[in-house]
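Engineer: Take a look at this one; I'll ask things after.
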Amino acid sequence: MFNRRENVARTVITLDVLFRPLKGGDEYSAGVTKDVSLGGISFETSFETPYGDLQTRDLIELKITLPQNKETFQFTGEIAWKKRIRNLWRFGVKIQEMDSRFKEEIMKYQDQIWKDVRSFRQGK
């Protein structure tokens, strides 16, 4: 549920993400987040994505819609790493520009997840 990588708290959250390269990509491709932090995200997408040739340091645009309020946020990130897992690509993205409202909303969402986990563990 909670990981630490590079001294940044990451929470395992599954959210739909749309992404495209900043250069040469007009259409968005779909993926699903694996974890989210205030500094970055990792997400998986089909091996068949037209953007499977993205490399580290490439800049991408991402759109994420949060489930609690259906608000969509758009931001820019840099591919930090990429790996193939069976028939999927997994990308790690360092966020370069993030809306302060997204930070606020993702923290609220993370807090709600933790409250739900604690309640479940306590049998409430």
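Values quoted throughout were computed directly from the atomic coordinates according to the rules given, and no laboratory measurement underlies them. The model shown is predicted, which means the values in this text are computed figures rather than measured ones. FYI the Cβ positions are ideal-geometry reconstructions off the backbone, even for glycines, and counts take in every protein chain you see.
Engineer: Apply the Karplus parameterisation 6.51 cos²θ - 1.76 cosθ + 1.60, with θ equal to phi minus 60°, to every residue of region 97-106 and state each ³J(HN,Hα) to the nearest whole Hz, in sequence, with x for glycine and proline.
Structural biologist: 10, 9, 4, 4, 5, 4, 4, 4, 5, 5
Engineer: Once fully extended, how much extra length lies between residue 30 and residue 118, figured as 0.36 nm per residue of separation less the alpha-carbon to alpha-carbon distance? It would help to have the intermediate numbers written out before the result.
Structural biologist: Values: separation 88, 0.36 × 88 = 31.68 nm, distance 3.16 nm.
Taking residue 30 through residue 118 to full extension adds about 28.5 nm, to one decimal.
Engineer: Under the rule of -39500 (n - 2.57) per DSSP H run of 4 or more residues, summed and divided by the residues of the chain, what mean residue ellipticity at 222 nm is obtained, to the nearest 500 deg cm²/dmol? Walk me through the numbers before you get to the answer.
Structural biologist: Numbers: 1 runs with 22 residues, N = 124.
After summing the helix terms and dividing by residue count, I get -6000 deg cm²/dmol.
Engineer: Explain nothing, just the number: dipole magnitude of region 2-121 about its Cα centre with +1 on each Lys and Arg Cβ and -1 on each Asp and Glu Cβ, in debye rounded to the nearest 20. Before the final figure, lay out each step's value.
Structural biologist: Working: 21 positive and 18 negative charges, 124 e Å.
In total the dipole reaches around 600 debye.
Engineer: Taking springs between alpha-carbon atoms closer than 10 angstrom, which of 72, 11, 33 fluctuates most in the Gaussian network model of the chain?
Structural biologist: Judging by the Gaussian network model, the answer is 72.
Engineer: Using a 7 Å offset from the Cα along the Cα-to-Cβ direction at both residue 14 and residue 85, what is the distance between the two label points in nm, to one decimal?
Structural biologist: About 1.2 nm, to one decimal.
Engineer: What distance in nm lies between label points placed 7 Å from Cα along the C-beta direction at residue 57 and residue 103?
Structural biologist: 2.7
Engineer: What does the highest-first list of 109-122, 47-60 look like by mean Cβ count within 10 Å?
Structural biologist: Ranking, from highest mean packing down: 47-60, 109-122.
Engineer: In µm²/s, what is D for the chain at 4 °C and 1.567 mPa s, where D = kT/(6 pi eta Rh) by Stokes-Einstein and Rh is the Kirkwood radius from Cα pairs? Can you show the working numbers first?
Structural biologist: Details: Rh = 15.0 Å.
The estimated diffusion coefficient comes to 86 µm²/s.
Engineer: Give the residue from 50, 21, 38 lying farthest towards the positive end of the charge dipole for the chain; charges sit on Cβ (+1 for Lys and Arg, -1 for Asp and Glu) and the dipole is referred to the Cα centre.
Structural biologist: Positive-end residue among those listed: 38.
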